């Protein structure tokens, strides 16, 4: 049976892992390759690097990080951030990544998803969707089940409906959707399971939940209520609030299929 | 044995070559990347890796002149391991882009039927259907990493080593003599994957030793 994945995410800036709140207030949390290797040993099912370095500083640094990581951690590696063309994707894959995630670039040019899927297969193309809940009709409460896609690290609204964009991205060739709630990201208030379920019930590709993990119970909720196939988190792992095996133990206790490491199997 | 086992990994374009070459090196193989037939000379085993679509992969193999030499290699009974798309390419054809593939194993690759999610991405259990040294030290039902939407349907089901279920069961590992195929990615499957690659290298070394003994006799 296909296991539900637990994925530590490493936000990388100029070759270092950083984490902020709502994409701001960045703090240094370590070397990406070292952290990735540690997580792989601890049972991470996959590693995601999101490169948030400004474009003109990026070239080379990220590829070197990917190369070092792929030489040490024998688990799947997804890289996102600033990849804008088939050729750039090829470079990232050749450095050792298995998948590339597109966010702002896909919104700006949706055909990029198709071009990359045609060249490398849809399994290598991830569409990352940053979504913000729209206010209710009275304008006060965030209670409407509608979400807007935001780009440029959450700074720019697009007026795109997040669920419709998710459906379209899958049709265009994305083989996976990485769905981040901008309302929850970095807040430790739990995943937006309504957003996840709204998307997961409309697409056949796997959905990765992101934004808001506070504890193991949130991972269970993302899969059970949000229907996510995989769950991504950053700071709770980097700051050692919970280990990957603690999260998986909670998921297994809730009856969800997870890959347990030998010796830690319960 | 004389020195490490030499493995050529066929490079036909877009595949992630870093992970498979580093994983093979990590289990003690001497690894070369082969972009052309000449690079296959003097090696003990060939690995056909792969991600992506069948039709462009076959185009790239043809452009690099690798199709003929690879067919000869396998028909001579020499060690070869196909991984993921590289496994599917060993068969007659693929429904993906209606591609004609290498024709070294009878059967064709078909889309996963009744899959709850597609592509099939993630760690799934590999259930052994017959014992084989390729899985020495690996528990039945161990998790390996999969990324694919198609899987081969071998005409000769007796070759199947293991099955995995996503929707319906499909052949996730196969062996015919020294020819091996895996639908999952051992180079992405952490310790279990490294163990399997180590077993492949060990089988190749044992085969070499056997051949030398035959020659000596």
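Each value in this text was obtained by applying a stated rule to the coordinates, not by laboratory testing. Not measured: the values here are computed from a predicted model. Ideal geometry is used to build each Cβ from the backbone, glycine not excepted, and the neighbour counts take in all protein chains shown.
Given the rule -39500 (n - 2.57) for each run of at least 4 DSSP H residues, summed and divided by the residues of chain B, what is its mean residue ellipticity at 222 nm, to the nearest 500 deg cm²/dmol?
After summing the helix terms and dividing by residue count, I get -8500 deg cm²/dmol.
For chain A, modelled as a GNM with alpha-carbon contacts under 10 angstrom, which of A:247, A:149, A:126 fluctuates the most?
Of the options given, A:247 has the highest mean-square fluctuation.
Once you have the alpha carbon radius of gyration of segment B:94-159, what is it after dividing by 2.2 N^0.38 Å, with N set to its residue count?
Relative to the 2.2 N^0.38 Å estimate, segment B:94-159 comes out at 1.28.
For the protein assembly as shown, what class follows from the C-alpha gyration tensor (a ≥ b ≥ c being the square roots of its eigenvalues): rounded when a/c is under 1.5, otherwise prolate if a/b is larger than b/c, else oblate?
Prolate shape, in that a/c is at least 1.5 and a/b is the bigger ratio.
Explain nothing, just the number: relative contact order of segment A:123-266, from Cα pairs under 8 Å at least 6 residues apart, as a whole percent.
Across segment A:123-266, relative contact order equals 18 percent.
Just to verify a number: FRET efficiency for residue B:38 and residue A:253, C-beta to C-beta distance, R0 = 51 Å, to 0.05?
The computed FRET efficiency comes out at 0.35.
Remind me, relative contact order of chain A in percent, using alpha carbon pairs under 8 angstrom and six or more residues apart?
Contact order relative to length: 18 percent.
Taking 0.36 nm per residue of separation and subtracting the Cα-Cα distance, what length does fully extending residue A:146 through residue A:64 add?
Stretched out fully, the residue A:146 to residue A:64 stretch lengthens by 25.6 nm.
With a 10 Å cut-off between alpha carbons and a GNM built on chain A, which of A:210, A:245, A:101 moves the most?
Highest fluctuation of the listed residues: A:245.
Which three extents, in whole angstrom, do the alpha-carbon atoms of segment B:6-216 cover along their principal axes, largest first?
Principal extents (Cα only, largest first): 53, 39, 32 Å.
For peptide B:21-28, how many partner chain Cβ atoms fall within 10 Å of a residue's Cβ, on average?
That average works out to 2.
Please report B:180, A:39 as a ranked list, fewest other C-beta atoms within 10 angstrom at the top and most at the bottom.
By the 10 Å Cβ count, ascending: A:39, B:180.
So how far apart, in nm, are the two label points at residue A:243 and residue B:132 if each is 7 Å from Cα heading toward Cβ?
The answer from the label model is 3.5 nm.
Could you check which residue among B:165, B:21, B:101 shows the biggest mean-square fluctuation in a GNM of chain B with a 10 Å Cα cutoff?
Residue with maximal mean-square fluctuation among B:165, B:21, B:101: B:165.
Can you give the direction-averaged projected area of the convex hull of the alpha-carbon atoms in segment A:5-253, in nm²?
Orientation-averaged projected area of the Cα hull: 12.1 nm².
As a check on your grasp of the helix formula, calculate [θ] at 222 nm for chain A: sum -39500 (n - 2.57) over DSSP H runs of n ≥ 4, divide by the residue count, round to the nearest 500.
That comes out to -9500 deg cm²/dmol.
From Cα coordinates alone, what are the radius of gyration and Dmax values for segment A:183-266 in angstrom?
Rg then Dmax for segment A:183-266, in Å: 12.6, 38.
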